[in-house]
Ligand SMILES: [Zn+2]
Ligand SMILES: [Zn+2]
């Protein structure tokens, strides 16, 4: 029924009548504590973090101690109150039993002392089944990983491992076994804990604070020099894994010799192994070296940079590349050396440049290094418009052609397209999402092969961004010239593979 003005009025009157209900609550933290301690041994940190959303300007251990001491005092009060014929219980439990739970399950010293004092004054109340354990059993949630002693040992171990690195900042993290999360979820649902801190967050925070103090270096969340991971995936004995983020050094190189590739060139035949994968025989192609070429610009530079930085691997990212038999003169080519797992970061770069030039001056020359970043490497790689791309294409013809006829056409293709510019209007298949304009692209080479009367196979090397399918079909004369117009037979590209991407040649 649509709301009439009368209905609205009724609603408003109802709202006015609503009153705030006052509900008187009994403290529930102690009740929750007693039910947890009936079942579990817990360290202060694990107990406290179950209530980490309660109270500010404190920490998990202090939270735990506050609740446990409060409960100890509550029990003490009831013990004093006890009369000969009137005994008080808390949550249906004898306060002495609760004190034993606190003392034995958490090791709270005040509860232990309180019990000892009580029994000295009331020896008749000593009961056989209520003992005071000298040592608490390991924490059910963290197996005592979050205790002071364990954390201190862990920090010391990290400190020793980290000594060999030169770094300005770090980040610490943990890999936790998924079973840990399940254990915590189960614990929380069992005891109605709604919003506690997780074990992982707790451990990361405690370690971060301790390490900052010990190492006297700040933590950094984005691209830290060192990443320290505490691995608890396989066992509760922490494995420490340290990764040093790459060092990026930018410079320009000139290459004065031929037959020196830009980067290390592994033997394609054995994939750098030097031997046959299965038979173990020496590779006939590289004679066991695993390399196509004994050296490269990358190798010559790495030879100096690796020992100086203590890195594990050096990778050259060039702003394009030249053929290995081409020289690179003039201003040279910009490049970035990526040093993986470096130990030293603060180096005399000028000295390093001089060393490289002194040792390999006949082959290469390197300008002074400056520190760069991964972003710069990405920029280098983005220039794909100027790359050369090699494609393989299987083409289907609309009418059969003989081998002789095809050979004539192949020669025409070679003549009209190789090293020639073509005009391409945005293809019909993409024009709905790209601006309709005509681009000029360079076709570097086309190799043709006759497959059968209805198929030919093409190997095309073209400028980045060339539409190869349209180069074949002509796309309603939007690409010109095209292979279809040269053949004067309608054709389509049946299969297309990008087989190689070459960066701009200088
Ligand atoms: Zn614990
Ligand atoms: Zn080989």
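The values are calculated or read from the model by the stated rules, or taken from the named source; none is laboratory data. Small disclaimer: the values here were computed from a predicted structure and weren't measured. A quick note on method: Cβ atoms are made from the backbone with ideal geometry, for glycine too, and the neighbour counts reach across all protein chains shown.
Within the stretch 149-161, can one find any residue that is farther than 23 Å from residue 339 by Cβ and in a loop (DSSP other than H, G, I, E, B)? For the stretch 149-161, residues farther than 23 Å from residue 339 by Cβ and in a loop (DSSP other than H, G, I, E, B): absent. Scanning the stretch 164-191 for residues being loosely packed, with under 13 Cβ neighbours inside 10 Å and in a helix (DSSP H, G or I) gives a total of 7. Cβ separations smaller than 7 Å between residues 6+ apart or across chains give the following pairs from the stretch 269-280 residues that are under 17 Å from residue 292 (Cβ atoms) to residues that are more than 8 Å from ligand 2 (Cβ to nearest atom) and in a loop (DSSP other than H, G, I, E, B): 270/276; 275/281. Note on the stretch 77-111: residues that are in contact with a helix residue (DSSP H, G or I) (Cβ under 8 Å, 6 or more places away or on another chain) and free of Cβ contacts under 8 Å to residues at least 24 places away in the same chain total 4. Give 207, 211 a once-over and let me know the one that is within 16 Å of residue 163 (Cα to Cα), assigned to a helix (DSSP H, G or I) and in contact with a strand residue (DSSP E or B) (Cβ under 9 Å, 6 or more places away or on another chain). So the residue among 207, 211 that is within 16 Å of residue 163 (Cα to Cα), assigned to a helix (DSSP H, G or I) and in contact with a strand residue (DSSP E or B) (Cβ under 9 Å, 6 or more places away or on another chain) is 211. Does residue 379 qualify as being over 26 Å from residue 484 (Cβ atoms), assigned to a helix (DSSP H, G or I) and either without any contact (Cβ under 8 Å) to a residue 12 or more places away in the chain or touching a helix residue (DSSP H, G or I) at 6+ places or on another chain (Cβ under 6 Å) (or both)? Criteria met by residue 379.
Can you work out which of the residues in the stretch 245-268 that are within 13 Å of ligand 2 (Cβ to nearest atom) and free of Cβ contacts under 8 Å to residues at least 40 places away in the same chain is surrounded by the most Cβ atoms within 10 Å (Cβ to Cβ)? So the residue we want is 267.
In summary, residue 434 fulfils each of the numbered conditions (1) farther than 18 Å from residue 496 by Cα; (2) out of contact with any helix residue (DSSP H, G or I) (no Cβ under 9 Å at 6 or more places or on another chain); (3) not in a loop (DSSP other than H, G, I, E, B) with the single exception of condition (3).
For the stretch 473-495, filtered to residues that are in a strand (DSSP E or B) and touching a helix residue (DSSP H, G or I) at 6+ places or on another chain (Cβ under 6 Å), the residue that is nearest to residue 416 (Cα to Cα) is 479. Among the residues making up the stretch 92-126, those that are surrounded by 12 or more Cβ atoms within 10 Å (Cβ to Cβ) and outside any helix (DSSP H, G or I) are 93, 94, 107, 108, 122, 126.
Of all residues in the stretch 142-153, those being in contact with a helix residue (DSSP H, G or I) (Cβ under 8 Å, 6 or more places away or on another chain) and either more than 14 Å from ligand 1 (Cβ to nearest atom) or more than 14 Å from residue 232 (Cβ to Cβ) (or both) number 2.
Among the residues here, residue 294 does not qualify as within 16 Å of ligand 2 (Cβ to nearest atom) and touching a helix residue (DSSP H, G or I) at 6+ places or on another chain (Cβ under 9 Å). Filter the stretch 43-77 down to residues that are away from ligand 1 (no atom under 16 Å from the Cβ) and buried (at least 17 other Cβ atoms within 10 Å of the Cβ) and give me whichever is farthest from residue 191 (Cα to Cα). Out of the qualifying residues, it is 76. Going by the conditions given, is residue 411 over 36 Å from the mean Cα position of the chain (by Cα), loosely packed, with under 14 Cβ neighbours inside 10 Å and not in a strand (DSSP E or B)? Yes. The condition of being exposed (fewer than 15 other Cβ atoms within 10 Å of the Cβ) and touching a residue at least 24 places away in the same chain (Cβ under 8 Å) holds for only one of 154, 207, 130, 161, that being 161. Does residue 177 count as modelled with pLDDT under 95, within 16 Å of ligand 1 (Cβ to nearest atom) and out of contact with any helix residue (DSSP H, G or I) (no Cβ under 8 Å at 6 or more places or on another chain)? Criteria met by residue 177.
When the stretch 392-408 is filtered for residues that are in a strand (DSSP E or B) and crowded, with 18+ Cβ neighbours inside 10 Å, the ones remaining, listed by number, are 393, 395, 397.
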